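These notes are about the structure you will find just below.
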Amino acid sequence: MPKEEIKFEDFLLNVNPVNIGFVNEMHDFMLQNGCAYKIEAAKSGHVLSYLLPKTKKVIVNYVFRKNGMLARIYGDNVGNYADILETLPQSMVKAIEKAPACKRLLDPTKCNSRCPMGNVFGMGGKEYKNCRYSSFMFEVKDEHFEGIRKFIECELKERL
């Protein structure tokens, strides 16, 4: 039996009402830039992923955790726009600082050989080698909207 398609409107039913305007705005922005999206059911709620037009690689997704919704940005090109990291709210900077190191960058035998490796970038005078999947995971809330928006815009510009 085929899986039933989850619509964007169904995804929004799980979003905190104070975040719906931002999520809608970013959804429109991603679609205007040619990105497709897919929504999948997960243990902790729906996962909304945006895929690049040509490569179909995920650039950002929204996931739900106990504490609420998070934006996971795959900042593969963060080294090209690392200066924006200095403009992020302190709580976003702390999330980056707390992200685990990329095992594969530190020792290639410690992670799956198919792992695309993490992100290497500088922030606050320190070099980071963070895991690609948790390096840029930010709580979706009012004080993070602008930082998340700028981050996604910069990564999208690098990839298009």
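Please treat every number below as a calculation from the coordinates, not as lab data. What you see is a predicted model, and the numbers here were worked out from it, not measured in a lab. Please note: Cβ atoms are built from the backbone with ideal geometry, for glycine as well, and neighbour counts cover all protein chains shown.
Placing +1 on each Lys and Arg Cβ and -1 on each Asp and Glu Cβ, with no other charges, gives segment 8-159 a dipole about its Cα centre of roughly 820 debye. Among residues other than TYR81 with Cβ under 14 Å from its Cβ, the summed charge is -2 (Lys and Arg +1, Asp and Glu -1).
With a threshold of 30 Å on the Cα-Cα distance, the over-threshold entries among LYS66/LYS150; LYS56/LYS126; LYS38/LYS66 are LYS56/LYS126. Counting neighbouring Cβ atoms within 10 Å and putting the fewest first, the residues ARG132, ARG149, ARG65 line up as ARG65, ARG149, ARG132. The C-alpha atoms of segment 8-159 occupy a region whose extents along the principal axes are 42, 32, 32 Å, arranged from largest to smallest.
Quickly estimate the mean residue ellipticity at 222 nm for the chain, helices only: each DSSP H run with n ≥ 4 gives -39500 (n - 2.57), and the total goes over all residues, rounded to 500.
Computed ellipticity for the chain at 222 nm equals -8000 deg cm²/dmol.
In segment 48-130, the alpha-carbon atoms span a convex hull of 127 Å³ per residue.
The order of ILE39, ILE152, going from fewest to most other C-beta atoms within 10 Å of their C-beta, is ILE39, ILE152. Each label point was placed 7 Å from the Cα along the Cα-to-Cβ direction; for LYS110 and ASP28 their separation is 4.5 nm. Counted by neighbouring Cβ atoms within 10 Å, the residues LEU13, LEU88 run from fewest to most as LEU13, LEU88.
Dipole orientation for the chain: of the candidates CYS115, VAL18, ALA42, CYS115 has the Cα lying most toward the positive pole (charges on Cβ; Lys, Arg +1; Asp, Glu -1).
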